[in-house]
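Beneath this line is the structure, given in structure tokens, with notes to follow.
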Amino acid sequence: MPQNMIKKIFIATGILISLIGACIGSVVAWIVCWIQIQFGIVKMGESGSFLVDAYPVRLSVFDFILVMATVIMIAFIASWIPAVKASKKAIELRLR
């Protein structure tokens, strides 16, 4: 197997796993924010001196896009190091 192919496999696998995690995390974050907006689960406090009872939350598409872009960049960097190390090792295929 060519060394370039091994590097591509490592990077693609790392990015794929990170994207799946980022998508699941984004969905969970959206659900938690929506629950906070609708029901105000996390309260400000019992003192009653606040204008609002629960912590205010605002969903922003830009924030979700920024998080996804950051995850992709970190995934690429984190996948690159083991990909380079793996591509430098000699691989032998043996039939037993």
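Odds and ends about this structure:
- Residues being among the charged types (D, E, K, R) and either in contact (Cβ under 8 Å) with a residue 12 or more places away in the chain or under 27 Å from residue 28 (Cβ atoms) (or both) - total across segment 62-96: 2
- Hey, residue 11 of a type in the set (Val, Ile, Thr) and touching a Phe, Trp or Tyr at 6+ places or on another chain (Cβ under 7 Å) or not: yes
- Positions within segment 1-52 being among the basic types (Lys, Arg) and more than 21 Å from the chain's Cα centre (by Cα), in sequence order: 7, 43
- Residue that is surrounded by the most Cβ atoms within 10 Å (Cβ to Cβ) [pool: residues in segment 34-80 that are in a helix (DSSP H, G or I) and of a type in the set (Gly, Ala, Ser)]: 79
- Top-ranked residue in segment 81-96 [being in a helix (DSSP H, G or I) and β-branched (Val, Ile, Thr); ranked as nearest to residue 19 (Cα to Cα)]: 81
- Filtered residues of segment 56-77 (kept if over 15 Å from the mean Cα position of the chain (by Cα) and of a type in the set (D, E, K, R)): 58
- One residue stands out among those in segment 18-51 that are β-branched (Val, Ile, Thr) and either free of Cβ contacts under 8 Å to residues at least 12 places away in the same chain or in contact with an Asp or Glu (Cβ under 9 Å, 6 or more places away or on another chain) (or both): the one that is nearest to residue 90 (Cα to Cα), which is 20.
Every read-out reported here was derived from the displayed coordinates using simple, explicitly stated rules and does not represent laboratory data. What you see is a predicted model; the values in this text were computed from it and never measured. Cβ atoms come from the backbone with ideal geometry, glycine included; neighbour counts cover every protein chain shown.
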